Structure formats: structure tokens, C-alpha cells
């Protein structure tokens, strides 16, 4: 038995990692692959994962606790300034929007699925939840610009506790009575106890960090422990108040100014991937083929109504007469996938309703699985193209964020921009930024380490970072700061100066990919620049290739970057020299005087 359980646990981890990697590789929603992997790993097929046999009664508490950790992590990403003037839209989405979704989805469940009114109301309440488990990964994959992205992130995190509380109150109303008065009482108790416990948890953790009562290596484990304790305490005082408390705790810690919590967030981001993978695989593995046989065209029609009627109407009502642009409004209407919270709530209710509504209880989980799978598939495959069609995203961003704006950097950036590559220069030196702005380049004046820089930087079309300052530590830390945004494969920095290389590079474990080549340090490039060398873009053809380039500019003239005829940028690195084909634009550092003398003697 122990070996079977161990095999199942190992399968969950391996399937999760494989689905995450395959999703990244194929540019598909990883959640879709997790659901498919979990379903086929379940008892009806490969029989690798049997959640009920592995965890038994611990399964649903594990799901609830995992969701609490995810909501705390999500709360840590919610910075109030990023909302700008869109706070009202977010507020309406989690109140008016949730109410409209509840009413419309409940009515559709009664009319289309034939559910009893009480069960239809319960299903509608459950479907108000979208959640960060599904919205977050899609937003990271799409990287939309404008207000819509931040609004969807806030809605996805805040709607989880709202929807969970609403679903529980509806369930208690139809099983224990209490009516409207009981519902408002429950909401009030949830707000009071959940809010109070969440603030106490945030204050406790803040005090521990502020007074240095914890060593650095215990910050993340203690934050995790406080999150679990806060969730349990709030739930003990009021059922389902825990989700509200941990979300509020994360938001409060994210928006205070005196304690840096980014390192805690980084730990939680790594933990989130593992938790998400495990949750989706486990819940998908519980779905049996016999359950899916109950899905008919009525269920499919219900799914279609959720996508094309319920979501657009609720977002239109919430964004009406707001300052959102039409593309932002359209994108809001086209992204509302359901995820782990909806599945877990439905799993609990389907068991508890078997005595009072046996027929509807049997249909509840298959319908919910169809909704989760269908919405994740639909939005996962269409949201990206729609965002690009609306001008809110780029399919494969090829632009460059330059950290540093010295004269040679500005000339390299101008060369790339002249040939269609988006560029953005960031520097703390106002004089350099002023010169860059006069050159017609997009700029950011300030430190990229500022925790608000992600919100201030205009990054549409930007897909990689070049750390090109004279300070090697700044280059390395800049790359580390944007690891979450660009991925390690698109982070580059100039090689360390020879003096640091001899003495041991103190940031070697943190270094990004070495830009251009080992000899092309900042000092070397600056020396050549001051001697008159300039960056030159040349299109290689059958008649003019690398041999002709070296004959004209010398064997030491490096080929640094290439832009294909389709606009794809390739960067020369220390581990991967530039391989150039015909009809490719090549950028190198050349001596114009040498070329002029060769031309004169020709």
C-alpha cells in the first residue's frame, strides 16, 4: 500500500513538471495539459494517481490549504498604485459582477440543465469564482498591456474569497435555512472575523520582520506558517473566512513601505508552481469516465452561455462609463476561466447534496469539470490571439530593455530601432536619459530595482534584457530582478571586467548569459567607441556574407546580433556564437575609417 501511495505521489510531481514544461515548450496553457494528464493518469486509464486512495479524507483539506497559500501569494503581488484609475472597475467586478454572474449562471443552470432552483443557485454562486490558479498563468503567458491585465489579476485574486463565501452561504441557506437575514449575517461575520484575523496575521509577520526577530533563512518558512495559522484561525471563527484573511494579509504586506517582502514572494512563486500542478492533477484524476458520460448537449450549451453571454454582460455592466478603452473592455469580457477553487467547492457540495438532491448531485461534478476544462481550453487558446488582435500583446516580443544608457548603448539601441526592433533604455542618470529621449528612444528614468518599476516601465514588444552598465553587480541584479518576466534564456549581461575575473566574480551564481563574448566587456566596448568604432547594420545575402564582412571591416569586427527577415532577434553569447544565414540583418561593431580606406583603394 505504501509503495502504491508513493508511486502516486511521484506521478503527481512528475506529471506536473512535465505538463508545465510541455506547456512552455508548445506555448499552450499548462493547466490544460495538467487536466488531461491527471485525467488519463487516473483509475480509469493508467491508474497511476488515485487521489481518494492516496489522501482519503485529507484530500479536500489539502486542496483548501493549498488554495489559501496561493491566495496569500497572489495578495503579495497586488500593489495599489498599479490600479491607477481602475480601482472602481475591480470593486464592481467583485461585487456587482459577482452578483450578475451568480444570477445569470444560476438561471442558465435551471433553464438549460434542468437543475432544481436551489442547486442552480448553488452552481451559479460557485461559478462566480475564476481565481489566480487559472487567470495568473494565462496572464503571464499573454503579458497584456494596458489596464486590463492588472484588473484581471486583481479580480482573479479577490473573487476567490468572495465566491467561496457566497457559495457556502447559499449552501447553508438551502440545507439549513436562514434565508436573506442569515445570508447577510454570514457575510458580516466573514468580513469581521476574516478581516480582523488577516490584519493580525499581517501585523504579526510585519513585526517579526521589522524587528529582525527572524534570521533571513527563516523568513519564507515563517511566512508560510503564519499563512497556514491565519487561515485556520479565521476558519475556526467563521466558515470560509480563511480565504479572505490570507488574501487581505498578502495585500497589506505588499503595500506597506518599511519591510521588503520580495524574497518571500519569490519563495511563494516557486511553491505556487508545485501546488498548482499537484492540485490540477489530483482533482482531474478524480473524474471518472462514467461521470463524463452524463455530459450532453445541454451541458455544452450551458458552457457556451457562460462564455458568450454571462461573462460579457457582467463585465459590460462593471466597466460601463469607466475610463477603460474599448480593447481593454473587450479583453475583460474574453477571459474568465474557472479553476481549482470552483472544482474543489463543487466536489464538497456534490457529496453533501446526495441525500437531498441525488440526481443533481451526480451531475454537479461532471458539469463543473466540463466548465473548468472548457473555459481553460477556450480562453487558453483564444485569449492570446484576441489580445494581439486588440493591440494589447505581442506574440513573440523581440524588443530589448537596455539597463544603461551611455552613448554607445544609445547608438546600438538606435540601430536596432531603425530596423524595427522595439527598444527601451533605463538609467538613473538624467543626462543620459535626456540624450536618449532626444535620439527618439523610449526611456525610463529611475532604478530598475524599484519595486514599482515593473508597473512604470512600458514593455509592450520587449522580450529580453541587456545589462550594459559599467557596474557588473548592477547588470547581474537587473537580470535577477526581471527573471520572472523574461525567463533566464532572455537575460543577458556584459562579461565581468578582467580585474573582477581574476579576483573572483562575487556575483557569479547570479550572472545572466554573457552578452556578445568574453572579451567584450564594457571597458573594451567603450575604448573602441571612443576610438571611433560604431555599430553597423548590414544585410547578408548570397553575394555579401561573413567573408565579405571580415574583408571589409577586419577579422576582429564582431557579429553581435542578427535580425531575421521575420523579425526574430538572435544574440551572440559566450556559449553560442552568432550563426548567420542569407537574408539576415547583422549588427556588428566596426571601424568606419577602415571601411572608408578600403573603399578608397578599391
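Listed values, structure above:
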quantity	calculated
Test: residue 97 is modelled with pLDDT of 85 or more, under 28 Å from the mean Cα position of the chain (by Cα), part of a helix (DSSP H, G or I) and buried (at least 17 other Cβ atoms within 10 Å of the Cβ)	yes
Residue in the stretch 565-574 that is surrounded by 14 or more Cβ atoms within 10 Å (Cβ to Cβ) and touching a helix residue (DSSP H, G or I) at 6+ places or on another chain (Cβ under 6 Å) present	no
Segments classed as helices (runs of 4 or more DSSP H), wholly inside the stretch 369-457, with at least 2 members that are at negative phi and modelled with pLDDT of 90 or more	407-418, 430-438
The stretch 458-479 - residue that is assigned to a loop (DSSP other than H, G, I, E, B) and at pLDDT 85 or above and, of those, nearest to residue 387 (Cα to Cα)	468
Selected residue (only one of 133, 145 is part of a loop (DSSP other than H, G, I, E, B), on the phi < 0 side of the Ramachandran plot and in the same structural domain as residue 353 (by TED's automatic domain parsing))	145
Flag for residue 485 being at pLDDT 90 or above and under 30 Å from the mean Cα position of the chain (by Cα)	no
Lone qualifier among 335, 316, 343 - being touching a residue at least 60 places away in the same chain (Cβ under 8 Å) and part of a helix (DSSP H, G or I)	343
Criterion: in contact with a helix residue (DSSP H, G or I) (Cβ under 6 Å, 6 or more places away or on another chain) and without any contact (Cβ under 8 Å) to a residue 40 or more places away in the chain - qualifying residue of 120, 108	120
Test: residue 70 is assigned by TED's automatic domain parsing to the domain that holds residue 139, within 30 Å of residue 235 (Cβ to Cβ), surrounded by 18 or more Cβ atoms within 10 Å (Cβ to Cβ) and under 18 Å from the mean Cα position of the chain (by Cα)	yes
Output for the stretch 204-247, where each listed residue is more than 21 Å from residue 129 (Cβ to Cβ) and not in a helix (DSSP H, G or I)	211, 212, 213, 214, 215
Residue in the stretch 44-62 that is farthest from residue 292 (Cα to Cα), counting only those that are in a helix (DSSP H, G or I) and in contact with a helix residue (DSSP H, G or I) (Cβ under 8 Å, 6 or more places away or on another chain)	62
Residues satisfying the stated conditions in the stretch 163-174, i.e. crowded, with 24+ Cβ neighbours inside 10 Å and modelled with pLDDT of 80 or more	163, 166, 167
Single condition residue 39 does not satisfy, out of (1) outside any helix (DSSP H, G or I); (2) within 24 Å of residue 374 (Cβ to Cβ)	(1)
Elements of type strands (runs of 3 or more DSSP E) contained in the stretch 488-602, each with 3 or more residues being under 35 Å from the mean Cα position of the chain (by Cα), on the phi < 0 side of the Ramachandran plot and modelled with pLDDT of 85 or more	491-493, 559-563, 569-571, 584-590
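So that you can scan it fast, the table gives a plain yes or no per residue for (1) surrounded by fewer than 19 Cβ atoms within 10 Å (Cβ to Cβ); (2) modelled with pLDDT of 85 or more; (3) touching a helix residue (DSSP H, G or I) at 6+ places or on another chain (Cβ under 6 Å); (4) under 25 Å from residue 67 (Cβ atoms):
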| site | (1), (2), (3), (4) |
| --- | --- |
| 300 | yes, yes, no, no |
| 313 | yes, yes, no, no |
| 316 | yes, yes, no, no |
| 320 | yes, yes, no, no |
| 329 | no, yes, yes, no |
| 336 | no, yes, yes, yes |
| 340 | no, no, yes, yes |
| 344 | no, no, yes, yes |
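For (1) closer than 19 Å to residue 68 by Cβ; (2) in contact with a helix residue (DSSP H, G or I) (Cβ under 7 Å, 6 or more places away or on another chain); (3) at pLDDT 90 or above, each residue gets a yes or a no:
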{"residue": "190", "(1), (2), (3)": "yes, yes, no"}
{"residue": "200", "(1), (2), (3)": "yes, no, yes"}
{"residue": "220", "(1), (2), (3)": "yes, yes, no"}
{"residue": "223", "(1), (2), (3)": "yes, yes, yes"}
{"residue": "234", "(1), (2), (3)": "yes, yes, yes"}
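The values are calculated or read from the model by the stated rules, or taken from the named source; none is laboratory data. Quick caveat, the model's predicted, so the values are computed rather than measured. Glycine also receives a Cβ, built like all others from the backbone with ideal geometry; neighbour counts cover every protein chain displayed.
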